[in-house]
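Here the structure comes first, spelled out in structure tokens, and everything after it is commentary.
The values are calculated or read from the model by the stated rules, or taken from the named source; none is laboratory data. Everything numeric here is computed off the predicted structure, so don't read it as measured data. For neighbour counting, all protein chains shown are included, and Cβ atoms are generated from backbone atoms with ideal geometry for every residue, glycine included. Calculation scope for accessible area: heavy atoms of the full protein, side chains included, ligands and nucleic acids excluded. Shrake-Rupley method; radii C 1.70, N 1.55, O 1.52, S 1.80 Å.
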Amino acid sequence: MDHRSDRLLLVTQASVGVIALAIMSLYPPTEGRILLIPIVDRDVNATARLALSSGAALLGAGPLRGSLVVVGNRARLAAQLRPWRILMLAAPPAGCGTPSRQAAAA
């Protein structure tokens, strides 16, 4: 092998590693803090109704308009979602969401 193919192999391996880490860090947990980002309808009330109907607790507003941070079960939330309407991501522990009235009252 020449140096070009070695370099290409190294860059490819590094890229695959970075992409895998990004996917793993964004994949929502089975149970816990989940960020719900509406794709089609930015109505936060509709997102909140959907989350509450799946048994999730509202934690606060997400970083994007209409998004919410909830604490719940991924499978129960996914069962309520229509494909391509709301994106579920792992909510990072810091910098994601502002306290909601419901969380402050608890």
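A few notes on this one:
- Angle of helix 44-53 to the longest C-alpha principal axis of the chain, folded into 0 to 90 degrees and rounded to 10: 80°.
- A straight chain from Ala78 to Ala14 at 0.36 nm per residue would run longer than the Cα-Cα distance by 19.9 nm.
- Accessible-area composition of the chain, carbon plus sulfur, in percent [1.4 Å probe]: 64 percent
- Where labels lie 7 Å past Cα in the beta-carbon direction, separation of Leu26 and Arg85 in nm: 2.2 nm
- A 1.4 Å probe run over the protein chains yields, for the chain, 69 Å² of accessible area per residue, whole-number rounding.
- Relative contact order for the chain, counting Cα pairs under 8 Å that sit 6 or more residues apart, in percent: 32 percent
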